[in-house]
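K.L.:
Here it is, the structure in full.
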Amino acid sequence: MMPQQSMDRCEVSENYHHHSPGVQGSQRRLVSGLLLWVGLLTVSHVVSITLLVITRPHALSITLEPQRVPWQMLTFEPTSIDDNDVSVARSGIKWKTQSKANNFVSLKGGSLTINQDGCYFLYLQVTLETPEVSGQHIVRVNKPNSVLLEVRMNNTSLSTGFLGRAVDLAASDTLTVTVSPGARINTTYTATYLGIIGPKLYL
C-alpha cells in the first residue's frame, strides 16, 4: 500500500513540474500585454494634450498682469536764452525734458513743481563754460525757504560733479537751481542735468 502512495505523489510532483513553465509563460504574456496597454494609453494622452495646445492655445493660456514699477525717473536738461544761446551769464537755470509721462512733477516755464507729497531722490550736475573773475561759484538746489543741495566750485574745476540726495517734498513745492555769481552754463545734456526719482501714480 505504501509503495502505491509514493508512486502517486511522484506522479503529482511530475505533473506539477511539467505544467509550471506553461503557467509562468501565461503570466509573462499577461504582464507584457498590460504594460503595452498602459504605454498606448500614455501615448494617446500625450498626443491629445499636444493637439489641444496647438488647436486651442487659449484654453491653457495664463494671464499675467504687467509688472508695476513703483518709481519713476525724470531727467531734465538746461535751456538757455532762445534755447540755443550760451553766451548770456545767468543765475537761474531753466529746464526742459524729453520725457512724456510724468505725474509727480510739472514743468512750466522752465520751472519744476512737485504734484504730490513724498520722498524723492534728486541728482544734479552743473558745468560752466568759463569761470567768472572771482574764481568761485556756488550752485544750489532750492525749494521755498530751504536749500536742498549746495556745492562750491573754484577756478580749478568747471563742474560740480554728480550730486545726489533723498529729500521730503510736499505738493506745490517749486524746485529751482541757482548759480552765484551768474555764469555761462554748458547746456550739453551730459554736462548739465537735473534728475528726480519719485513715486509713480497709477491712475
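The values are calculated or read from the model by the stated rules, or taken from the named source; none is laboratory data. If you're wondering where the values come from, they're calculated on a predicted model, not measured in any experiment. Cβ coordinates were reconstructed from backbone atoms using ideal geometry, including for glycine residues, and neighbour counts include every protein chain displayed. Accessible surface is based on the protein model in full, side chains and every heavy atom, while ligands, DNA and RNA are left aside. Shrake-Rupley method; radii C 1.70, N 1.55, O 1.52, S 1.80 Å.
K.L.:
Scan region 136-152 for residues that are under 15 Å from A170 (Cα atoms), open to solvent by 30 Å² or more (accessible area, probe 1.4 Å) and not in a loop (DSSP other than H, G, I, E, B) and report the count.
P.N.:
Kept after step one, since they are under 15 Å from A170 (Cα atoms), are these residues of region 136-152: 142-148.
In the following step, the residues that additionally are open to solvent by 30 Å² or more (accessible area, probe 1.4 Å) were identified as 143-147.
Narrowing the set further to residues that are not in a loop (DSSP other than H, G, I, E, B) leaves 143, 146-147.
Residues meeting the conditions: 3.
K.L.:
State all residues of region 157-175 that are out of contact with any Ser or Thr (no Cβ under 7 Å at 6 or more places or on another chain), open to solvent by 30 Å² or more (accessible area, probe 1.4 Å) and assigned to a strand (DSSP E or B); if no residue qualifies, say none.
P.N.:
L163, G164, R165, A166, D168
K.L.:
On to the next question. So is L128 over 24 Å from the mean Cα position of the chain (by Cα), open to solvent by less than 50 Å² (accessible area, probe 1.4 Å) and within 20 Å of P199 (Cβ to Cβ) or not?
P.N.:
Numbers: over 24 Å from the mean Cα position of the chain (by Cα): yes; open to solvent by less than 50 Å² (accessible area, probe 1.4 Å): yes; within 20 Å of P199 (Cβ to Cβ): no.
When the stated conditions are applied, L128 does not pass them.
K.L.:
Could you please find all residues in region 187-202 being open to solvent by 10 Å² or more (accessible area, probe 1.4 Å) and farther than 12 Å from T160 by Cα?
P.N.:
Our first condition is that a residue be open to solvent by 10 Å² or more (accessible area, probe 1.4 Å); within region 187-202, this holds for 187-191, 193, 197, 199-202.
Hits for region 187-202 are T187, T188, Y189, T190, I197, P199, K200, L201, Y202.
K.L.:
Of the residues E132, E150, which single one is among the acidic types (D, E) and at pLDDT 80 or above?
P.N.:
Working: E132 fails: at pLDDT 80 or above.
Every option except E150 fails the conditions.
K.L.:
Okay, next question. I'm trying to understand the selection: among the residues of region 180-201, which are at pLDDT 90 or above and in a strand (DSSP E or B)?
P.N.:
Residues satisfying the conditions are Y193, L194, G195, I196, I197.
K.L.:
Do you know which residues across region 99-114 are open to solvent by less than 70 Å² (accessible area, probe 1.4 Å), more than 23 Å from the chain's Cα centre (by Cα) and modelled with pLDDT under 90?
P.N.:
S106, L107, G109, G110, S111
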